[in-house]
Every structure is written in structure tokens, then in C-alpha cells.
Amino acid sequence: MRISKSRQKANACYSADLNLLESDKGFQYLFEQSPHGIGVLTTEGIISKTNPELCRMLGYTKTELEGKHLTTITHVDDIDLSLQNLKKLLNSEADHVTQNKRYYRKDGSVIWAKIVNTALKDDFGRTQYIIGTIEDITQKRINDLTRKIVYNISNAIGTTDSLEELIVIIKDQLSKLIDTTNFYVAIYQPADDSFYLPYYNDIYDDDLNFTSFPADKSISAYVYETKSPLLATPNVMEDLEKKDKIKLIGPASKIWLGIPLIFKENCFGVMAVQSYTDANAFSSVDLELLEHVSQQISISIARKKSEEELNKALASAKQADRVKSAFLSTMSHELRTPLNAVIGFSEILKNESNCPDTKDYADIIYTSGNHLLELVEGLFDITLIETGAVKLKKEQISLHKLLLEINSIITAERARMGINTIDIQLNYNLPEDQLIHTDRTKLKQILINLLKNALKFTKEGHISFGCYFDHNDSKDLLTFFVKDTGIGIPSNKLEYIFDSFNQIDTTHSRNHDGAGIGLSVARQLAELLGGKIWVNSEIGVGSEFIFTIAY
């Protein structure tokens, strides 16, 4: 190949300049002592000169590194961009180019580096060499990616529908830093000393669809028991097996890396990756990385696991509740017919029999039958409400007529219970032609339930009830009250007095009948009518039940 005289002259000038530069003690000191790697490339991409830091960074000696082509130490995914940047410098499209790229070290591990390549040109402006300064940014890159990974994983808790879906996101996020081709999460099941696999991906077992495996001396069990991360080479695994710490089963991996999943100081599982082909797939750097993100991964998996368990429990509870409601509804319906017959015939016996004993027995049957019928009706009401079968039928009603009707009903109930010493007062100061728009039947049921409850727990004194408009409330609400001078309610019972099947006295020797249904029905009906209910009470003084409705 013939080289023009001008090119020969230029090369001679450049070489002389380079030799002069290299002979300069100041340049030589900076080159050798620089905290960044420095390398010189020929126009063909051959490494012609390196400083000690670059050799240390890549794990080569000076003799091993110089003479290599740039592409032999460049990560396969970054080769094309590196060659494009080299071409820009050779074609004088740029004087310098900055790039973040990955290098292979001599031991096969990968580092990230920031490279600034600058063209060294001759007197004619042609690139003769490329000098590059290389800064190891592996840790910075890992820190940045780790923050993003932790952030993305924590966000995934609320955006995923299942534990498996969450773990797939964790796997995908970790794949930005390590090889997750063979990846699994195993959750320990103490009941049968096994590991459950919510997610499992392995090139050898991909078609076997594993869902669990025995914990018995598995390498996962070793990490679970020691609560310590493990980077296991074949030698490490062989040593652990000799010490009877683990028992290896299945295809042998070249390297295995696992971390314990720990939440609130309790280990509940293991996350692991492995490689069957590359003994350098993972390093102590990867171990530290997984340790760093393991806390957020553990928190995310534990929370999603708890969420799934709660959802399953909720679904079971709802199913049980549906079965209970269906049972109560059926039983309530079936019991009412024979009970009505018992009550009806006992009343005939009581009224027509001439035998005193028969009358007494008939009266007991009649009273007990009515009590049982009230219980069945209450069960039927609460079942309908809880299953959503109750529909409102709102209409214009006369508030005055409704309250007078309720007063008559509760007065008759007082007589039936034989407690005529209690005074019943209706306090109503609204116009007699006052109309409201609501469900008449539901409002009547609330008031009667509260008044019957007051009669049950009042031995002497009075019971008053009525209503008024609360003009201090921003909403259009009508307030009703039922006030008694009864036994009162203990303060520690007030918060759940309206819950189903709750009573003030839950002992078998209690003095008052009932199943704790009436107040629960009243609360749920008040809420259906757009209001709420509450109670003020003092032991030995009495109670006042107050509820509102939208009118």
C-alpha cells in the first residue's frame, strides 16, 4: 500500500508530537496517576496504550490489555453504539463523544463506565488516535437503578391483583441488574414443612409446573433457617452437602444465589436465582445488591400475601354469611306459619276454656308464641336487610297520624306486658298537617323497635317519644327520639349496642328476653332512610335513643 508523501510527513509530525507529549514528565505523571482509566485507541479500534487505573478497573495486566480490539472487552449490547461513536470521530463528525457503556472484566463480570473519547488529529485535521478517559460508574449506576427498582416494586403492591403478578414485576425489575432467567420465590409452609411456589421459572423444569417442594435439607431451607443470603458455587454446595447441611436434588447449577425474605424480623420465605451455564453469572456485588433491595421485596411480598389471605378470608366470610342469611330467611319463613297457628289456637283456648289451669297454660303458650314470633320476624328483617333485599317505598305521609298510630300500638303492647304503671308520653309540637316524604313502614318499624326496647328495660317512670326539625343541621333531616327512665346502658357497651346479636347482659341468667336484633334492625333501617342513630345513657337514670332520617 503506497502512502503519499504528505501523509507520511503528517504521520511523522504526529508521531513526533506524541513522543514529545509522552516524554513530558507532567503528562506522564498525570497519565500514570489519574484516578480514572485512560486508554489510547488506534483508528482500527486497537488498544495501544493503557494506564494502571484502566488495567485495575478491567482486571488485566498492561501486557494483556494492550493489543486487544475494543469490541473484545465491550458488552455485546453496547458494541454497535461504540463503533458508531468511533466512526463519528474518524469522520470528524465530532471532536469528542461521551457514552455510558458496559465492559467485560477479565473474570467475566460486568462494569458500567462513563467514557469520554477525544480525537487526536494531525496538522491536516485527520484523526490519528483516540484517547479515552474511563470512569467506573458501576456503583452509581447500581444505586440509581436500585432506587428505581425499589420505587417500582413498592408501587406494584397497589397496582397488581395477585401475588404471582407482583412477583413477575419484581423479576422484571431485577432483570435490569442481574440474570433472572432461572428465578423463583418460595414461601415456607410450617404445616407440612414445605415451600409453596407462587412463582417459579426454570429452563429445566419449565414444563413441570411446580407449585411446591419439601423443605427437607433443600438449599432454600438452609437460607430460610440461617436467615442469611448465600452465594453458592459448586464447591460451596459440595461442602454444605458433605456437612449434611443440604441435599442437592435435580440438575446441578454452576452458581446459585438466594436471599431470605424477612418481614418484621420473621423469615417467611426465600427468593433465588441460578445459572446452569455460567459460573460467573452472579458475584458478591450481586449478593450485596439483592441484600440492599431485599427489605422492600420482602415487605411487598408479605403485604401482597396478607392481602390475598384477607381476600380469601373475606370471600369465605361472605359465602358463610350468604349461607347463614339463606338459612335464616328460610327458617324464618317456615316457622311463621306454624307459630301463627300455635298463637291462634292458644288464644281460642284461653278465651273459651272454662278450666282455670287450661287458661293459664294457654296464656303461657300464647305469650311464649308471641315472643318466638317476634324473634323470627326480627331474624327475617335482618336477613332481608343484610342481603340487600329491602327496597324503600317512599311516599307523602302525615307525620301526626303516624305518631298517633304508633302511640296506640305501644300503649296496647304496654297493657299486654302488664306494666301499666309506666307513663307513655308523645311529644310532638309540629303542625298536624305536617307531611314528610319517606318510607312509612320502615320509619314505623324503627320507632316501634325502640319503644319495645324501652318497655323491656323500664320498670317504673315514663317513656317519651316524638320528633323535631334540627335547623342547625345543614342537611334536611328530621330527628326522632325515644327516652326512658330505665336501667341504662354501661358506657363500655355503647359502642356496639347496635351490632347484631349483642346484648347488655350476655349471661344465661339475664332478666330480659331477646336476641339483640331489634336495635341492629333500627340502625340499618335508619341508615337506609338517609340518617343515623345513636344513644345517650346513664346507669340507673335511663337512656335516650336518637335517630335522623332524610325527609
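Kindly establish whether Asn155 is within 27 Å of the chain's Cα centre (by Cα), among the polar types (S, T, N, Q) and open to solvent by 60 Å² or more (accessible area, probe 1.4 Å). The answer is yes for Asn155. Restricting attention to the range 292-307 and to residues that are in contact with a Ser or Thr (Cβ under 7 Å, 6 or more places away or on another chain) and open to solvent by 30 Å² or more (accessible area, probe 1.4 Å), the residue that is modelled with the lowest pLDDT turns out to be His292.
Of the residues screened, Thr180 is one that is under 30 Å from Leu58 (Cα atoms), open to solvent by less than 40 Å² (accessible area, probe 1.4 Å), in a loop (DSSP other than H, G, I, E, B) and touching a residue at least 12 places away in the same chain (Cβ under 8 Å). Applying the condition of being more than 31 Å from the chain's Cα centre (by Cα) and closer than 15 Å to Leu257 by Cβ to the range 214-234 and asking which residue is least open to solvent (accessible area, probe 1.4 Å) yields Ala232. Is there any pair with a first residue in the range 218-238 that is basic (Lys, Arg) and a second that is open to solvent by less than 50 Å² (accessible area, probe 1.4 Å) whose Cβ atoms are under 6 Å apart and which are 6 or more apart or on different chains, and what are they? From residues that are basic (Lys, Arg), the pairs are Lys227/Pro260; Lys227/Cys267.
Do the conditions hold for Lys121, that is, is it at pLDDT 90 or above and of a type outside the set (A, V, I, L, M)? In short, no. Considering the range 161-177, and only residues there that are touching a residue at least 12 places away in the same chain (Cβ under 8 Å) and either among the acidic types (Asp, Glu) or open to solvent by 10 Å² or more (accessible area, probe 1.4 Å) (or both), the residue that is nearest to Asn143 (Cα to Cα) turns out to be Leu177. Number of residues in the range 420-431 that are touching a Ser or Thr at 6+ places or on another chain (Cβ under 8 Å) and farther than 14 Å from Phe480 by Cα: the value is 2.
Just one of (1) modelled with pLDDT of 65 or more; (2) part of a helix (DSSP H, G or I); (3) open to solvent by less than 40 Å² (accessible area, probe 1.4 Å); (4) not polar (S, T, N, Q) fails for Ile382. It is (1).
From the list Thr387, Thr438, the lone residue that is modelled with pLDDT of 85 or more and either among the acidic types (Asp, Glu) or surrounded by 14 or more Cβ atoms within 10 Å (Cβ to Cβ) (or both) is Thr438.
The selection criterion, being in a helix (DSSP H, G or I) and either among the aliphatic types (A, V, I, L, M) or open to solvent by less than 60 Å² (accessible area, probe 1.4 Å) (or both), holds for Ile149. Of everything listed in (1) surrounded by 13 or more Cβ atoms within 10 Å (Cβ to Cβ); (2) more than 25 Å from Leu177 (Cβ to Cβ); (3) out of contact with any Lys or Arg (no Cβ under 6 Å at 6 or more places or on another chain), the single unmet condition for Lys62 is (1). Residues in the range 96-143 that are touching an Asp or Glu at 6+ places or on another chain (Cβ under 8 Å), within 16 Å of Asp77 (Cβ to Cβ), in contact (Cβ under 8 Å) with a residue 60 or more places away in the chain and surrounded by 16 or more Cβ atoms within 10 Å (Cβ to Cβ): 1 in all. Exactly one residue out of His508, His512 is touching a helix residue (DSSP H, G or I) at 6+ places or on another chain (Cβ under 8 Å), outside any strand (DSSP E or B) and modelled with pLDDT under 85, and it is His512.
Each residue in the range 246-289 was checked for being of a type in the set (A, V, I, L, M, F, W, C), part of a loop (DSSP other than H, G, I, E, B) and open to solvent by less than 20 Å² (accessible area, probe 1.4 Å), and 2 of them qualify. Taken together, the criteria exclude Val223 from residues that are closer than 24 Å to Ile111 by Cβ, in a helix (DSSP H, G or I) and among the β-branched types (Val, Ile, Thr).
The values are calculated or read from the model by the stated rules, or taken from the named source; none is laboratory data. Not measured: the values here are computed from a predicted model. No Cβ is skipped: glycine too gets one built from the backbone with ideal geometry, and neighbour counts run over all protein chains shown. The area values use the complete protein model at the heavy-atom level, side chains included, leaving out ligands, DNA and RNA. Shrake-Rupley method; radii C 1.70, N 1.55, O 1.52, S 1.80 Å.
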